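The values are calculated or read from the model by the stated rules, or taken from the named source; none is laboratory data. The structure displayed is predicted, hence computed values, not measured ones. Because the Cβ atoms are built from the backbone with ideal geometry, glycine has one as well, and the counts that use them run over all protein chains shown.
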Amino acid sequence: MAKTLAQVVTASRLILQDESGADWNDDRIEEQADRVVHEVSQKSPCVVQEVLPATEDTKVLDITSITNLLWIVKLEYPIGGNPRNFHNVKWLDNTSIEIDVTSAPSTSGEASTLTGTVTFASGSTAVTGSGTDFDGELEAGYMIKPSGGSRWYEVASITSDTALVLVEPCRAADDGADTVNLTQYCSEPVILHCAELHTLGATSTLRPAEEDCAIQGIVAYCASAWVNNMRSYIKQAAQVLDWAEASIHDITARITQSIADLTSGRAQIDDLRATMDTAIDNMSSRINEAIDNLSIGQTYINKINYGGSPENDYANYAARELQNANTYLNQARGYLTEGTTADRYGAYASRELQNASSYLAQAGGFIRQAGGGLSIANAVNSYQTWANNKLALYRNALNRIAKPKEWKTYPRD
């Protein structure tokens with residue numbers, strides 16, 4: 001019995017070793033299942049008979065009612081021939097085809113629904129009805145189909161309003177009473193043998209080999225998707241390492257600036273010291289000169305001097321020298337206050353080192369963060385190998401189930 005989509009998802013989880021759904025939720029697996037069903041269908045399509053009514057005096061058929069169509073293998077018209085009247089198809093556009101025959105149909109068909117409740121019996125050609133009008137609505141050669149049924153059936157004969165006989169036995173999928181007033185019929189039918197997408201949901205058209213192939217494909221694509229997702233984390237870790245490198249460059253810049261600040265401060269201290277020493281030396285010279293002037297002036301005290309008062313002059317000289325000495329003293333004091341600029345350079349250097357310490361902590365955090373992402377690299381590489389092997393097995397399975405396309409030229413008449 002064909003697996004449903006839910007069963008296929010469960011089977012895929014077992015192979016992926018993710019029974020709890022921690023890595024892949026149902027939506028992600030079903031997304032890959034849809035992709036795989038398309039690929040399986042391209043290799044081994046679901047071949048279905050679709051029925052359309054012929055139109056008088058035209059060979060063109062509207063195919064917009066056919067869903068999931070991949071291509072049309074061949075066409076049968078009129079039906080019931082022995083051998084069958086197969087023809088090729090000419091594609092006009094995405095919505096219409098042309099029957100490759102010499103003459104267009106001379107009769108128009110009709111597609112509608114039967115009155116009443118129609119009951120099909122699995123394995124039997126007998127069809128019964130309740131409230132039906134078989135002999136009024138149908139003729140031999142018409143085709144009927146249960147609503148939502150698996151295929152169309154050709155009517156061989158009509159026994160009464162409530163009984164008819166089919167050309168072939170009813171399939172198990174169509175067994176039972178159909179919904180009232182919904183059984184389809186088609187007069188003057190054209191049978192199209194269509195290659196269509198498989199269905200995988202509450203029911204499935206996949207055969208066992210196609211089903212196994214689909215599960216292999218789902219597993220391979222889920223594993224590859226997981227690897228790609230993990231590689232994004234590794235790529236992000238590489239980006240974080242770039243951030244760490246930038247922080248390290250910032251550390252170097254801050255240390256370099258700190259050294260420059262200390263160098264500038266040291267040079268200014270040396271310059272200030274030399275200038276201040278000069279000012280102090282000048283002050284000492286002026287004091288010594290004042291002492292000499294006072295000493296000379298003392299020799300003139302208590303003496304009679306002609307033409308002036310030299311003791312007063314030397315006292316004035318000494319006073320001026322002391323005044324000059326005081327000027328140099330104030331100058332030296334000014335240089336001392338300029339020493340605060342050197343202090344500021346020291347403070348700048350201290351702050352730069354503090355900033356460097358912050359960048360160091362930041363770089364360490366980035367490196368630890370990157371380490372977490374890079375630690376999964378080996379596991380990802382190993383899983384990549386496993387995923388590649390699963391993908392190779394899936395490709396081989398696709399080749400095994402592939403059906404050769406039927407390309408045959410049929411007679412036009």
Checked Arg84, Arg35, Arg28 against criteria (surrounded by fewer than 18 Cβ atoms within 10 Å (Cβ to Cβ), within 22 Å of the chain's Cα centre (by Cα) and either modelled with pLDDT under 95 or among the hydroxyl-bearing types (Ser, Thr, Tyr) (or both)); the one match is Arg28
Any hit, segment 51-74, residues being in contact (Cβ under 8 Å) with a residue 60 or more places away in the chain, in the same structural domain as Val89 (by TED's automatic domain parsing), basic (Lys, Arg) and under 19 Å from Ile99 (Cα atoms):
yes
Filter segment 163-189 for residues that are closer than 17 Å to Tyr142 by Cα, of a type in the set (D, E, K, R) and either at pLDDT 95 or above or exposed (fewer than 15 other Cβ atoms within 10 Å of the Cβ) (or both) and give the result.
Glu168
What number of residues within segment 190-204 are of a type in the set (Ser, Thr, Tyr) and buried (at least 20 other Cβ atoms within 10 Å of the Cβ)?
1
Among the residues in segment 125-146, are any farther than 11 Å from Leu166 by Cα, at pLDDT 95 or above, in contact with a helix residue (DSSP H, G or I) (Cβ under 7 Å, 6 or more places away or on another chain) and not charged (D, E, K, R)?
yes
Given the conditions (1) of a type outside the set (D, E, K, R); (2) within 17 Å of Thr55 (Cβ to Cβ); (3) touching a Phe, Trp or Tyr at 6+ places or on another chain (Cβ under 7 Å), and given that Ser96 satisfies all but one, which numbered condition is not satisfied?
(3)
Residues (over 22 Å from Gly149 (Cβ atoms) and surrounded by 15 or more Cβ atoms within 10 Å (Cβ to Cβ)) located in segment 38-62
Glu39, Val40, Lys43, Ser44, Thr55, Lys59
Of the residues in segment 205-231 that are over 13 Å from Leu391 (Cβ atoms) and of a type in the set (Gly, Ala, Ser), the one that is surrounded by the fewest Cβ atoms within 10 Å (Cβ to Cβ) is Ala209
Those residues of segment 103-161 that are among the small types (Gly, Ala, Ser), assigned to a loop (DSSP other than H, G, I, E, B) and touching a residue at least 60 places away in the same chain (Cβ under 8 Å) come to a total of 5
Go through segment 47-78 and report how many residues are among the aromatic types (Phe, Trp, Tyr) and under 38 Å from the mean Cα position of the chain (by Cα).
1
On the basis of being of a type in the set (D, E, K, R), in contact (Cβ under 8 Å) with a residue 40 or more places away in the chain, closer than 18 Å to Lys390 by Cβ and part of a loop (DSSP other than H, G, I, E, B), does Asp23 make the cut?
yes
Do you know which of the residues in segment 1-25 that are under 20 Å from the mean Cα position of the chain (by Cα) and hydrophobic (A, V, I, L, M, F, W, C) is surrounded by the most Cβ atoms within 10 Å (Cβ to Cβ)?
Trp24
Of all residues being polar (S, T, N, Q) and farther than 16 Å from Ser187 by Cβ in segment 147-160, which is modelled with the lowest pLDDT? Just the residue, please.
Ser150
Inspect all residues belonging to segment 43-54 and state whether any of them is under 16 Å from Gln216 (Cβ atoms) and not β-branched (Val, Ile, Thr).
yes
Consider segment 37-58. How many of its residues are touching a Ser or Thr at 6+ places or on another chain (Cβ under 9 Å) and aliphatic (A, V, I, L, M)?
4
